[in-house]
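The structure appears right after this line, and notes come after that.
The values are calculated or read from the model by the stated rules, or taken from the named source; none is laboratory data. Please read these numbers as outputs of a predicted model, since none were measured by experiment. Glycine also receives a Cβ, built like all others from the backbone with ideal geometry; neighbour counts cover every protein chain displayed. SASA here: full protein model, heavy atoms, side chains in, ligands and nucleic acids out. Shrake-Rupley method; radii C 1.70, N 1.55, O 1.52, S 1.80 Å.
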Amino acid sequence: RPGPRYWHGEFDTYRLLPAVRAIAERTGIGTSTVLTTLYAVALHDLTGVNPVMVRPMVDNRFRPGLAGVVCTVAQDGVCLLDVADVPFDQALRRAARSVLSAQKHAYADPWGIAELTARIQHERGHELDPGAFINDRRDIGIFAPTSPAAHGDPASPAPSTFRWIDHQHTPLSKPLSLEIDDIPGALRLTMHIDTHMI
């Protein structure tokens, strides 16, 4: 608790990418959903909260009225993921339905959400947990490549590295968020953390 409350860090992992691809190939569920489920399981293990509310950033144009819009159509969806006391594959199957639904129907009025949140906080007399945000920014298809070369060398992956990038006293717009990016042969996980939430 002493010191700055808000932190920003980066984790480059060479082990996570082949593991996620192997799970995706074994289960037939996309790598983005695998990563979202891993995030939810980690949050449950850390906090004991279940179901876990994960807020995936989604960007789609499923609605016909948006087909001709020239702008970014992206919002934070809402997924309640029940991941407690079940094997990972079962948690993944449960998450797949919720993540797909959020990816298709993530549209909401952000001002309406803010008003509803403020009203409920006033009625209950305490802050609401806004959920854990996740933004998978990788350039991927629905499923992972299947060629052995795509997996790298699982026997001798490069070491993973973590570094703190910044810290601040100014509140974050999203108190707990994870961004996932491609880097050569690995994944970069960028975290923004309000340390009072964990």
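Miscellaneous remarks
- The residues of region 66-80 that are at pLDDT below 85, of a type outside the set (Asp, Glu) and either surrounded by 13 or more Cβ atoms within 10 Å (Cβ to Cβ) or within 20 Å of His44 (Cβ to Cβ) (or both), listed by number, are Val73, Gln75, Gly77, Val78.
- When the test is whether a residue is in contact with a strand residue (DSSP E or B) (Cβ under 9 Å, 6 or more places away or on another chain) and part of a strand (DSSP E or B), Gln103 does not pass it.
- Counted residues, region 167-198 - those being open to solvent by 60 Å² or more (accessible area, probe 1.4 Å), aliphatic (A, V, I, L, M) and within 11 Å of His8 (Cα to Cα): 0
- Test: Val83 is under 25 Å from Val41 (Cβ atoms), at pLDDT 75 or above and open to solvent by less than 60 Å² (accessible area, probe 1.4 Å): yes
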